[in-house]
Amino acid sequence: MDSSSVFANIVRAPEDPILGVTVAYNKDSSPHKLNLGVGAYRTEEGKPLVLNVVRRAEQMLVNDSSRVKEYLPIVGLADFNKLSAKLIFGADSPAIQENRVTTVQCLSGTGSLRVGAEFLARHYHQLVIYIPNPTWGNHTKIFGLAGLSVKAYRYYDPSTRGLDFQGLLEDLGAAPSGSIVLLHACAHNPTGVDPTIEQWEQIRQLMRSKGLLPFFDSAYQGFASGSLDADAGSVRMFVADGGECLAAQSYAKNMGLYGERVGALSMVCKKADVASRVESQLKLVIRPMYSNPPIHGASIVATILKDRDMYNEWTVELKAMADRIISMRQQLFDALSARGTPGDWSHIIKQIGMFTFTGLNTEQVAFMTKEYHIYMTSDGRISMAGLSSRTVPHLTDAIHAAVTRVG
């Protein structure tokens, strides 16, 4: 230890459990290695994808010599905010028409959640947030560091590899009145298990009767089912009853803008004057945090959303990504069935979105990494977007070996 440094007592932090998978993968020299850890779309050839419509929008922005690099306002690009609210709440949403929604541009989904969390920690009367068990690894840290007390509600049932709906209702029913509840709008990460429309309606009724505040994390709109409207159904159900809620949006997955860090936080209020006051306080959260958001990614999104032809082109490309993932689910399920791998694997085709919660345990995951060079998070979550027709047989062999040889 170097005692001359004032930071000599700093201990090395552990790798991020998700990003650490990629670090380990990059160090592996095997030609058969496969990274199913990272939540980013890949083509059938295993390459990152930039959508054609995104390339086209960028070209238009580059060719427009009137564009400058001035700072955006604290709340971000006005067109982007307006169009983002329409995308998630619906073009004909009464909340938008009545000016009861305030939307601020943030740094992708993580930044949107963090700004919302900071706002709630300062201005909301109940400093407890309930998050599903399991949930995305970053949720606990985002809300905890903002000063909220983080509690869990039951969500996933390992025995059915489906939703523990009864447990969910019991836990939310027992939550203190006014508690904040984090809800995945669609394509729950990491399980890929979503409530049905009927179950969402029961969740809505229970939450409204107890005065629980919904905070939606919408990272996969359009990416889960291929339909932008269907994937926003849960959020719109809560907005339609006239109640209040928060929604964090990310364009990382559905426009492939991962590294551009484009997102939005919307707050739906009961009255227009409340929404306006909320926005004034959101500015006070953002200003000392990062002053104002970046201009490029938000301009790409706004360019696509406000042009009918480009919007339609986007929906076609988005559906193609969703369909490829759905087809990977089917191929993996068929391959495991044909192989006669012990167990019921139907959850692979029942789950939705980028991830499948395989049900493999930590030892089986470690075995697959060591023997087959397949990388995934230790909870058995695999990114279906990282699979291709070419790699399904290799993954099938690994799962079969893990299930038959490791307890």
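Of all the helices (runs of 4 or more DSSP H) wholly in segment 185-294, which have at least 1 residues that are under 20 Å from Pro134 (Cα atoms)? Fully inside segment 185-294 and qualifying: 197-210, 233-240. Residue check: Ser327 meets all listed conditions (1) among the small types (Gly, Ala, Ser); (2) open to solvent by less than 10 Å² (accessible area, probe 1.4 Å); (3) modelled with pLDDT of 95 or more but one, namely (2). Evaluate segment 322-333: report whether one residue or more is in contact with a strand residue (DSSP E or B) (Cβ under 8 Å, 6 or more places away or on another chain) and within 30 Å of Ala85 (Cα to Cα). No - not one qualifying residue is present in segment 322-333. Among the residues of segment 139-179, those that are of a type in the set (Asp, Glu) and assigned to a helix (DSSP H, G or I) comprise Glu170, Asp171. Among the residues of segment 370-403, the ones that are farther than 21 Å from Gly137 by Cα and of a type in the set (Ser, Thr, Tyr) come to 5 in all. Tallying residues that are assigned to a loop (DSSP other than H, G, I, E, B), in contact (Cβ under 8 Å) with a residue 60 or more places away in the chain and within 20 Å of the chain's Cα centre (by Cα) within segment 336-364 yields 4. Only residues that are over 18 Å from Asn292 (Cα atoms), surrounded by fewer than 24 Cβ atoms within 10 Å (Cβ to Cβ) and touching a residue at least 24 places away in the same chain (Cβ under 8 Å) were counted in segment 118-129, giving 8.
Of all residues in segment 367-387, those that are of a type outside the set (A, V, I, L, M) and modelled with pLDDT under 95 have Cβ atoms under 9 Å from Cβ atoms of residues that are open to solvent by 50 Å² or more (accessible area, probe 1.4 Å) and assigned to a helix (DSSP H, G or I), 6 or more apart or on another chain, in Ser378/Thr362; Ser378/Ala366; Asp379/Thr362; Gly380/Thr362. Scanning segment 131-190 for residues that are within 22 Å of Gly116 (Cβ to Cβ), among the small types (Gly, Ala, Ser) and open to solvent by less than 10 Å² (accessible area, probe 1.4 Å) gives Ala175, Gly178, Ser179, Ala185, Ala187.
Only one of the numbered conditions (1) under 19 Å from the mean Cα position of the chain (by Cα); (2) within 27 Å of Ile295 (Cβ to Cβ); (3) among the hydrophobic types (A, V, I, L, M, F, W, C) is violated by Ala224, and that is (2).
The values are calculated or read from the model by the stated rules, or taken from the named source; none is laboratory data. Values in this document were obtained by computation on a predicted structure and should not be read as measured data. A quick note on method: Cβ atoms are made from the backbone with ideal geometry, for glycine too, and the neighbour counts reach across all protein chains shown. For accessibility, only protein heavy atoms count, side chains too; no ligands or nucleic acids. Shrake-Rupley method; radii C 1.70, N 1.55, O 1.52, S 1.80 Å.
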